[in-house]
Amino acid sequence: MKNRQKGLNIAAGVLAALLIAVVLRGLVCRVGPSRMQVSDGIEQIDLDRIYLHSSGVEVSFSDVILSSQNETRKLIVSTQTGTVSTKLTDRLIKQLDFDFMKKTQNVFYTGTGYYVVDLDNLTAANVLEDHDEKAVTIRVDHPYLQAVEIDPSRIIIEDVEESLLARGDIRLSVADYTAIEEDLRSRLEEKFDTAANGRSMDELAVKMVRQVYEPIVKAIDPRYRVVVELK
């Protein structure tokens with residue numbers, strides 16, 4: 001009878017130990033870390049996300065950069081505003097240049113010059129990928145003065161300065177106005193298109209082209225940097 005009771009006690013103890021072990025295992029599984037390391041360089045973050053330590057996937061940056069090459073793209077690097085003037089003179093007698101026989105009038109033109117870089121002629125040869133240095137080099141043309149726009153609202157025509165014998169307005173024909181505008185536009189272009197301006201525009205072009213393409217390159221692979229060179 002005592003042996004039977006002893007056997008029952010042992011069995012009950014083993015069963016209790018097993019129950020405790022099951023409970024503890026369940027608790028450990030509940031509060032254990034959510035991350036799990038597995039093979040092949042994959043780290044399990046949670047049920048919906050994994051992190052690939054090394055994807056091994058190579059992407060052609062030039063394909064993405066040139067994907068819209070059929071579109072005409074001109075990047076405005078800088079706009080500059082300038083003013084030039086000319087003095088119109090009307091003589092009472094064309095051959096005589098005396099102050100008391102002529103009247104004058106000043107005309108001021110204000111215009112805006114646009115410096116641009118052509119990006120529509122980029123080719124795969126202009127996009128160099130260095131996978132060792134993790135760099136993408138983009139070679140572009142120098143910026144140039146594409147256009148000068150005259151602001152009609154800022155054309156100033158001063159009053160006529162009359163003299164003793166020369167009175168009234170200075171009468172101009174359509175051809176005269178056209179010649180005046182062409183001359184002032186040409187002088188505005190000369191004012192903008194200088195060597196000092198060219199160097200400044202080069203620096204701006206490098207900076208702005210990098211700003212255009214760097215987000216594209218970083219979106220493909222954040223490890224890569226963008227280098228812009230002028231041809």
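The table that follows gives values for the structure above.
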read-out: Lys207 modelled with pLDDT of 90 or more, more than 19 Å from Thr83 (Cβ to Cβ) and among the basic types (Lys, Arg); value: yes
read-out: Hits in segment 185-197 (condition: without any contact (Cβ under 8 Å) to a residue 60 or more places away in the chain and not charged (D, E, K, R)); value: Ser186, Thr194, Ala195, Ala196
read-out: Evaluation of His142 against (1) open to solvent by 60 Å² or more (accessible area, probe 1.4 Å); (2) over 30 Å from Met201 (Cα atoms) (one fails), failing number; value: (2)
read-out: Answer from Ser173, Ser186, Ser163 - the residue that is among the small types (Gly, Ala, Ser) and touching a helix residue (DSSP H, G or I) at 6+ places or on another chain (Cβ under 9 Å); value: Ser163
read-out: Scan of segment 108-124 for residues that are among the hydrophobic types (A, V, I, L, M, F, W, C) and modelled with pLDDT of 90 or more, ordered by number; value: Phe108, Val116, Val117
read-out: Of all residues in segment 146-188 being assigned to a strand (DSSP E or B) and open to solvent by 60 Å² or more (accessible area, probe 1.4 Å), the one that is modelled with the lowest pLDDT; value: Glu161
read-out: Options Leu96, Leu92; residue that is over 21 Å from Arg225 (Cα atoms), open to solvent by 80 Å² or more (accessible area, probe 1.4 Å) and either at pLDDT 55 or above or over 31 Å from the mean Cα position of the chain (by Cα) (or both); value: Leu92
read-out: Considering residues of segment 70-84 that are open to solvent by less than 70 Å² (accessible area, probe 1.4 Å) and assigned to a strand (DSSP E or B) only, the residue modelled with the lowest pLDDT; value: Leu75
read-out: Residue pairs meeting the criteria (Cβ under 7 Å; at least 6 apart or on separate chains; first more than 15 Å from Glu129 (Cβ to Cβ), in segment 198-221; second assigned to a helix (DSSP H, G or I)); value: none
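The values are calculated or read from the model by the stated rules, or taken from the named source; none is laboratory data. Quantities reported herein were computed from a predicted structural model and do not represent experimental measurements. In this analysis, Cβ positions are derived from the backbone assuming ideal geometry, glycine residues included, and neighbour counts consider all displayed protein chains. Protein only, heavy atoms only, side chains kept; ligands, DNA and RNA dropped before computing areas. Shrake-Rupley method; radii C 1.70, N 1.55, O 1.52, S 1.80 Å.
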